[in-house]
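Since the structure comes first, as structure tokens, the remarks are kept for the end.
Here, each number is a calculation from the coordinates, and none is a lab measurement. It should be emphasised that the depicted structure is a prediction, and the values quoted were computed from it without experimental measurement. Positions of Cβ are backbone-derived with ideal geometry, glycine not excepted, and every protein chain shown enters the neighbour counts.
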Ligand SMILES: C[S@@+](CC[C@H](N)C(=O)[O-])C[C@H]1O[C@@H](n2cnc3c(N)ncnc32)[C@H](O)[C@@H]1O
């Protein structure tokens, strides 16, 4: 039986009903995901329990701005799980992948060896001036931020210099990193309010059952 392939967004597919991207590094896996071949194309299944972007799509994300030519500043790249799928989509674009953990960076570099559209940057996202020179045109289409840090709003604001006007920020808020004792909804509200001079909130997505600790927000730079 042939596999059923449906397009969901640019570069994102449902393969037999499961989320997937086309593998840019044929034959290789990043986090032991399944590979499925159909008509000469290899698809990598995208696990929504491992990637909040995948979870957001399955929870009804409408504004999906990633495309073949996107330039993306990715803050909190970790070992490259989500970055690798973004790399499958932005095949002619560029992903500036910032991560400050040396241990995660070692794994991320292995992912980058097979994917030339990712530039790994071992830096702290709280100090964007340290990687300003790496982001040469200083005008990305997208910022994707998934950092488990207390200063999540401050990090987005200080990195917004790299985002073009009208550009999209996918901003994942982890309430427990900001204030473990406070009601998460209050934390989400206060955090988004602190961004309102610079960003308009377009979508707010709860990621349950894939993830219960985060709010996935879609923002537009004013
Ligand atoms: C939840 S993980 C990211 C998972 C990843 N986005 C994915 O979907 O594959 C959060 C990451 O943010 C990194 N991080 C936290 N604070 C950071 C900072 N100030 N600068 C850079 N990375 C940071 C952590 O080391 C961790 O790897």
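When only C-alpha pairs under 8 Å and at least 6 residues apart count, what is the relative contact order of the stretch 67-175, in percent? Provide the component values of the computation, followed by the final result.
Values: 196 pairs, mean separation 30.2, N = 109.
Worked out over the stretch 67-175, it gives 28 percent.
Taking Cα atoms, how many degrees apart are the long axis of helix 184-193 and the longest axis of the chain, rounded to 10 and kept between 0 and 90? Roughly 70 degrees between the two axes. With 21 Å as the cut-off, how large is the P(r) tail for the stretch 1-109, expressed as percent of Cα-Cα pairs? Summing the P(r) of the stretch 1-109 above 21 Å gives 33 percent of all pairs. Springs between Cα atoms under 10 Å define the GNM used for the chain, and in it the highest mean-square fluctuation of 73, 45, 53 occurs at 45.
Once the Cβ-Cβ distance of residue 221 and residue 49 is raised to the sixth power relative to R0 = 35 Å, the FRET efficiency obtained is 0.70.
Build a GNM of the chain with springs between Cα atoms under 10 Å: which of 182, 165, 26 gets the top mean-square fluctuation? In this elastic network of the chain, the residue with the biggest mean-square fluctuation among 182, 165, 26 is 182.
So what is the relative contact order for the stretch 86-141, in percent, with contacts set as C-alpha pairs under 8 Å and at least six apart? About 37 percent, as a whole number. Within the listed set 139, 71, 84, the residue fluctuating most in the Gaussian network model of the chain (springs between alpha-carbon atoms under 10 angstrom) is 139. The long axis of helix 102-113 is offset from the longest Cα principal axis of the chain by roughly 40 degrees. Only DSSP H runs of four or more residues enter the estimate; each adds -39500 (n - 2.57), and after division by the residues of the chain the mean residue ellipticity at 222 nm equals -6000 deg cm²/dmol. Kirkwood analysis of the stretch 52-221, using all unique Cα-Cα pairs, places the hydrodynamic radius at 16.0 Å.
Reported to two decimal places, what Rg/Rh ratio describes the stretch 5-45 when computed on Cα atoms with Rh from the Kirkwood expression? Provide the component values of the computation, followed by the final result.
Values: Rg = 9.4 Å, Rh = 10.2 Å.
So for the stretch 5-45, dividing Rg by the Kirkwood Rh gives 0.92.
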